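*Asks:* Below you will find the structure I want to go over with you.
The values are calculated or read from the model by the stated rules, or taken from the named source; none is laboratory data. From a predicted model like this one, the values you see are computed outputs, not experimental measurements. Heads up, the Cβs are rebuilt from the backbone with ideal geometry, glycines too, and the neighbour counts pull from every protein chain shown.
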Amino acid sequence: MLDDDDRGPTPRTGIMQITPYKGGEGKIPGVENPVKLSSNENALGASPKAKAAYIAAADKLELYPDGAARGLRAAIAETHALDPARIICGAGSDELLQLLARTYAGPGADEILFSEYGFLVYRLAAMQVGCVPVTAPETAYTVDVDAMLAKVSDRTEVVYLANPNNPTGTYLKSDELRRLHAGLSPDTVLVIDAAYAEFVDDPDYEDGIALATEFNNVVTTRTFSKIYGLASLRVGWAYGAPRIIEAIDRMRGPFNVTTPAMAAAEAAIRDTDFLAQGLAHNRSWLKFLIDELAPLGIVPNPGVGNFLLLKFPNTPGKTAADADAHLRSKGLILRGLKPYKLGDCLRLTVGREEPNRRVAAALKEFMGA
Ligand SMILES: Cc1ncc(COP(=O)(O)O)c(C=O)c1O
């Protein structure tokens, strides 16, 4: 423990109240090769072409990256038919989410709004800035547009919406998303975090790109960490109104994304065959997990990403903590959700065939089915 004399400079008010983000666990003491299903990583890994591009980039490690990420922005623009001038790349979409808070909200009375079970980084971003994090209750683990709009004030600078959301796996349909946007002032930035957009094929889903094209107060973020399997490299991008992109561009570090990461991301986005394989894998194994686990009464909603929210009873012996211990005894690591105040839930990432079957069998055994 530090005594008062050793304490040194005092951080800004609120900084020490931040609970640091903890990534999904990957180790179980005494267990060799546990299966990590705790971070919504890609079950199939990364594209071989992305790996080759990453290795090739090792040849020029002495050179600074292209700070403007021209090659990667061009590849993203081509893939999604977008104007590259409206795209910015970041060290993971996390960086871009944080830059948005820092750009539009300041310490004091400014507010940042998100839903009750919204992705944890939103609260972190608000607290790092020193503004007021405001949450709106959800209904059936889904964002409730009326509840969100009821929490909007003239101090709301940023609204974050993960669509679909992690950890709940639910999404706002297009008409509801547009109703949320319509209820906001043109001075409030609506951030549509579409980290899992590629996985969703429901016709009533939209990823935010059209809204960000139409309106000056909308920006959408995407990531290479999920379907592209490049989480370790930290690459994300945002697309939005030119004024928003130009503003956050001024807030980023000059070389915020590394050359090998950009090279791998560019190869990954062009490898449409690998993308198709990943999507097909997720579609069939997500369905398998829902079909196997829903009859156990532990799937509160079907989920549309590469993960499932599992909700356990409060009965002693059958709780989420008990389920977690049972799964760990079999070398299977899911994500506990206490930081989301979802202590009765676990989050399961879709894995490869063998772990998916093992999880289903272990949970059937656990629930006594
Ligand atoms: C909803 C959501 N947004 C953003 C991210 C962050 O992704 P990245 O790896 O691009 O920082 C995640 C990662 O889990 C997520 O679940």
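*Asks:* On the given criteria, is Val159 more than 16 Å from the ligand (Cβ to nearest atom), β-branched (Val, Ile, Thr) and buried (at least 18 other Cβ atoms within 10 Å of the Cβ)?
*Replies:* Values: more than 16 Å from the ligand (Cβ to nearest atom): no; β-branched (Val, Ile, Thr): yes; buried (at least 18 other Cβ atoms within 10 Å of the Cβ): yes.
Here the answer is no, as Val159 does not meet what is asked.
*Asks:* Counting just the residues of region 106-122 that are more than 14 Å from the chain's Cα centre (by Cα) and surrounded by fewer than 23 Cβ atoms within 10 Å (Cβ to Cβ), which one comes out nearest to Asn166 (Cα to Cα)?
*Replies:* Glu116
*Asks:* Among the residues of region 29-68, what is the count of those that are under 21 Å from the mean Cα position of the chain (by Cα) and in a loop (DSSP other than H, G, I, E, B)?
*Replies:* So the count comes out to 11.
*Asks:* Being of a type outside the set (Ser, Thr, Tyr), outside any loop (DSSP other than H, G, I, E, B), surrounded by fewer than 24 Cβ atoms within 10 Å (Cβ to Cβ) and at pLDDT 95 or above: is that true of Asp154 here? Before you say what the answer is, go through the steps one by one.
*Replies:* Working: of a type outside the set (Ser, Thr, Tyr): yes; outside any loop (DSSP other than H, G, I, E, B): no; surrounded by fewer than 24 Cβ atoms within 10 Å (Cβ to Cβ): yes; at pLDDT 95 or above: yes.
Judged against the criteria, Asp154 is not a match.
*Asks:* Which of the following residues is within 25 Å of Thr19 (Cβ to Cβ), buried (at least 17 other Cβ atoms within 10 Å of the Cβ) and without any contact (Cβ under 8 Å) to a residue 24 or more places away in the chain: Gly336, Gly305, Gly343?
*Replies:* Values: Gly305 fails: without any contact (Cβ under 8 Å) to a residue 24 or more places away in the chain; Gly343 fails: buried (at least 17 other Cβ atoms within 10 Å of the Cβ).
Gly336 is the lone residue from the list that is within 25 Å of Thr19 (Cβ to Cβ), buried (at least 17 other Cβ atoms within 10 Å of the Cβ) and without any contact (Cβ under 8 Å) to a residue 24 or more places away in the chain.
*Asks:* Do we have any residue at all in region 255-267 that's touching a helix residue (DSSP H, G or I) at 6+ places or on another chain (Cβ under 8 Å) and under 18 Å from Ala162 (Cα atoms)? Explain how you work it out, then say what you get.
*Replies:* Let us first name the residues in region 255-267 that are touching a helix residue (DSSP H, G or I) at 6+ places or on another chain (Cβ under 8 Å), namely 256-267.
Next, only the ones that are under 18 Å from Ala162 (Cα atoms) stay: none.
No, there is no match, as no residue in region 255-267 is touching a helix residue (DSSP H, G or I) at 6+ places or on another chain (Cβ under 8 Å) and under 18 Å from Ala162 (Cα atoms).
*Asks:* Looking at Thr103, Thr79, can you tell me which residue is in contact with a helix residue (DSSP H, G or I) (Cβ under 7 Å, 6 or more places away or on another chain), surrounded by fewer than 19 Cβ atoms within 10 Å (Cβ to Cβ), among the polar types (S, T, N, Q) and assigned by TED's automatic domain parsing to the domain that holds Met262? Steps first, please.
*Replies:* On the way: Thr103 fails: surrounded by fewer than 19 Cβ atoms within 10 Å (Cβ to Cβ).
That would be Thr79, the only listed residue that is in contact with a helix residue (DSSP H, G or I) (Cβ under 7 Å, 6 or more places away or on another chain), surrounded by fewer than 19 Cβ atoms within 10 Å (Cβ to Cβ), among the polar types (S, T, N, Q) and assigned by TED's automatic domain parsing to the domain that holds Met262.
*Asks:* Go through (1) surrounded by fewer than 20 Cβ atoms within 10 Å (Cβ to Cβ); (2) closer than 15 Å to Ala101 by Cα and name the single condition Ala238 misses.
*Replies:* Condition (1) is where Ala238 drops out.
*Asks:* Only one of Thr168, Thr188, Thr139 is under 26 Å from Lys338 (Cα atoms) and surrounded by fewer than 24 Cβ atoms within 10 Å (Cβ to Cβ); which? Can you show your working first?
*Replies:* Values: Thr168 fails: surrounded by fewer than 24 Cβ atoms within 10 Å (Cβ to Cβ); Thr188 fails: under 26 Å from Lys338 (Cα atoms).
Residue meeting the stated conditions: Thr139.
Residues are listed down the side, and each one gets a yes or a no for (1) charged (D, E, K, R); (2) under 29 Å from Arg335 (Cβ atoms); (3) touching a strand residue (DSSP E or B) at 6+ places or on another chain (Cβ under 6 Å):
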| position | (1), (2), (3) |
| --- | --- |
| Asn166 | no, yes, no |
| Thr170 | no, yes, yes |
| Asp193 | yes, yes, yes |
| Asn216 | no, no, no |
| Arg222 | yes, yes, yes |
| Gly229 | no, yes, no |
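*Asks:* Out of the residues in region 280-302 that are within 23 Å of the chain's Cα centre (by Cα) and not in a helix (DSSP H, G or I), state the one that is surrounded by the most Cβ atoms within 10 Å (Cβ to Cβ).
*Replies:* Ile298
*Asks:* Tell me which of these Ala85 doesn't satisfy, since it passes every other one: (1) more than 23 Å from the chain's Cα centre (by Cα); (2) free of Cβ contacts under 8 Å to residues at least 12 places away in the same chain.
*Replies:* Result: Ala85 fails condition (2) only.
*Asks:* Also: Taking region 200-244 on its own, how many of its residues are among the acidic types (Asp, Glu), in contact (Cβ under 8 Å) with a residue 24 or more places away in the chain and out of contact with any Leu (no Cβ under 9 Å at 6 or more places or on another chain)?
*Replies:* 3
*Asks:* Here are some conditions: (1) out of contact with any strand residue (DSSP E or B) (no Cβ under 8 Å at 6 or more places or on another chain); (2) surrounded by fewer than 18 Cβ atoms within 10 Å (Cβ to Cβ). Ala147 meets all but one. Which one does it not meet?
*Replies:* (1)
*Asks:* Oh, and also: Where the second residue is assigned to a helix (DSSP H, G or I) and away from the ligand (no atom under 16 Å from the Cβ) and the first is among the hydroxyl-bearing types (Ser, Thr, Tyr) and lies in region 91-120, which pairs have Cβ atoms under 7 Å and are six or more apart or on separate chains?
*Replies:* Thr103/Ala247; Thr103/Met251; Ser115/Met148
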